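Written out below as structure tokens is the structure these notes cover.
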Amino acid sequence: MAIPGFSMVPTARVAFGVDRVEKLGNDVTAVAGEGASVLLVADLGLPKLAERLEGILKRAGHKVALFTDVRSDPLGRQVDDAAGKARSAKASVVVGVGGGSTMDVSKFAAAIARADKPADYYELANKPLPADGLKKICVPTTAGTGSETTRVSVFTNAKNEKVWAWGDELRADLALLDPRLTVGLPAHLTAATGVDALVHAIEACTIRRANLLNDAICYQAIRMIVGNLKRAVEVPDDLDARGAAQIAAAAAGMGIDNSGTGIAHAMGHALGAIGHVHHGRAVGLCLRAAIAWNAEVSPARHALVAQAMGVPTEGRKEADIVADLGPAYDRFVRSVGLAVSLGKDGLCGGDADRLATATMAPENKSMRDSNIREIKIEDARRIAEVVLTAA
């Protein structure tokens, strides 16, 4: 069979190392010059880290303005406010430190800071992003979303729809990975963000636009997450496990940046919108419900995912390997402590129609269309029921 054509694009420059954040001042100088004005977009729950980074930047001779009004599933209004803060501070670079929501806000605010249109104007890539955005540096404190290596920012618009902006203008100039910054993340968030990265890697190498070069990145990310996430959850100060998970998350971000996501994200975004379920947990539960269904039409690709997850393959038929993938995935997400039941989130099987309808909404079309298997409303309803009745 001929190898299908594909294209790959450069990702952010990545710098990794324990305590690498101490060189942040030099990094800002490298991308924005000496004495730069910096907008530091920081997670509200990380005041000590924000203070530390502010000190690092000021000692390097930079001016710093701080913005902390960021929530999980951030609002377009918060992106606009951050962009306004960047303008008033005359910033030339925006540094985002925190989880995926914080980095999404920081990248998007940097991209539109010199424009006069609000964040909602650019939703779903309906309009091109401005070409004259500010420089961007991302410093993740989780190992999950991969926002530091993608060209997308997810946000909630004025109509309370979970949407996204996309474009080269959202690519970070530097992704700074320092595993020590993830040590304080609670176990349940370490698990949820790590599962998010796993879903990214699995979807990126199984959807319609998957390609062989990108697959190599994704399979390695899967192996690293499966081999290290449980350790990172159980022994939070293990910097080797934390570092491996952080590298894997960045790699999985590269994976989805080059090929996209599928049903787990189409339904996961919908689940986040209707039930305010943490994104990583939402996509993890949705893939749990859909992975075997997808594998029915793409057994070869899913057999390779199973192998990367550690399913025995020696001397076994492809069908038997694929049959073990769903149970192996289920065992893994449970082993890291991901809560499978949504009962405590106020959701039940009776919400299946609502979740299915939200999955089929226009803002989720690109993800549905990328999935390896066509998704009809009846498919969405059946998968939604599995998600909502899991125990």
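Observations on the model:
- Residues that are open to solvent by less than 10 Å² (accessible area, probe 1.4 Å), in a helix (DSSP H, G or I) and of a type outside the set (Asp, Glu) within segment 194-216 comprise Gly194, Val195, Ala197, Leu198, Val199, His200, Ala201, Ile202, Ala204, Asn214, listed in sequence order.
- Whenever a residue of segment 327-340 is among the hydroxyl-bearing types (Ser, Thr, Tyr), its partners that are not in a helix (DSSP H, G or I), lying with C-beta atoms within less than 8 angstrom and at least six residues away or across chains, give the pairs Tyr329/Met309.
- Only residues that are of a type outside the set (D, E, K, R) and within 14 Å of Cys138 (Cβ to Cβ) were counted across segment 1-45, and they come to 14.
- Whichever residue in segment 168-189 is open to solvent by 10 Å² or more (accessible area, probe 1.4 Å) and under 15 Å from the mean Cα position of the chain (by Cα) and, among such residues, is farthest from Lys107 (Cα to Cα): Leu189
- Candidates in segment 1-25 are the residues that are in a loop (DSSP other than H, G, I, E, B), open to solvent by less than 90 Å² (accessible area, probe 1.4 Å) and farther than 30 Å from Ala300 by Cβ; of these, the one that is modelled with the lowest pLDDT is Ala12.
- All positions within segment 81-127 that are in contact (Cβ under 8 Å) with a residue 40 or more places away in the chain and more than 28 Å from Glu51 (Cβ to Cβ): Pro118, Asp120, Tyr122, Glu123, Leu124, Ala125
- Some residue of segment 78-96 being of a type in the set (Asp, Glu) and within 15 Å of the chain's Cα centre (by Cα): no
- Index of the failed condition, Thr142 passing every other in (1) open to solvent by 10 Å² or more (accessible area, probe 1.4 Å); (2) out of contact with any Leu (no Cβ under 9 Å at 6 or more places or on another chain); (3) more than 18 Å from Gly310 (Cβ to Cβ): (2)
- Matching residues, segment 281-304, being touching a Phe, Trp or Tyr at 6+ places or on another chain (Cβ under 8 Å) and hydrophobic (A, V, I, L, M, F, W, C): Leu287, Ile291, Leu304
- Remark: pairs (first residue in segment 58-76, in contact (Cβ under 8 Å) with a residue 60 or more places away in the chain; second residue small (Gly, Ala, Ser) and open to solvent by 70 Å² or more (accessible area, probe 1.4 Å); Cβ separation under 7 Å; 6+ apart in sequence or on different chains) = Gly76/Ala158.
- Residues of segment 1-42 that turn out to be closer than 27 Å to Ile217 by Cβ and not polar (S, T, N, Q), as a count: 24
- Matching residues in segment 217-244 - criterion: being open to solvent by 10 Å² or more (accessible area, probe 1.4 Å) and of a type in the set (Gly, Ala, Ser): Gly227, Ala244
- Checked against (1) open to solvent by 10 Å² or more (accessible area, probe 1.4 Å); (2) outside any loop (DSSP other than H, G, I, E, B); (3) of a type in the set (A, V, I, L, M), Ala384 passes all but condition (1).
- Among (1) over 25 Å from Ala187 (Cα atoms); (2) modelled with pLDDT of 95 or more; (3) open to solvent by less than 50 Å² (accessible area, probe 1.4 Å), the one test that Ala308 misses: (1)
- Failed item, numbered, when Ala131 is tested on (1) part of a helix (DSSP H, G or I); (2) more than 18 Å from the chain's Cα centre (by Cα); (3) of a type in the set (Gly, Ala, Ser); (4) farther than 19 Å from Leu24 by Cα: (1)
- Scanning segment 322-375 for residues that are open to solvent by less than 30 Å² (accessible area, probe 1.4 Å) and not in a helix (DSSP H, G or I) gives Val336, Leu338, Val340, Leu342, Leu347, Ala361, Asn371, Ile375.
The values are calculated or read from the model by the stated rules, or taken from the named source; none is laboratory data. Small disclaimer: the values here were computed from a predicted structure and weren't measured. Here Cβ is always computed from backbone atoms with ideal geometry, including for glycine, and neighbour counts include all displayed protein chains. The accessibility values were calculated without ligands, DNA or RNA, using every heavy atom of the protein model including side chains. Shrake-Rupley method; radii C 1.70, N 1.55, O 1.52, S 1.80 Å.
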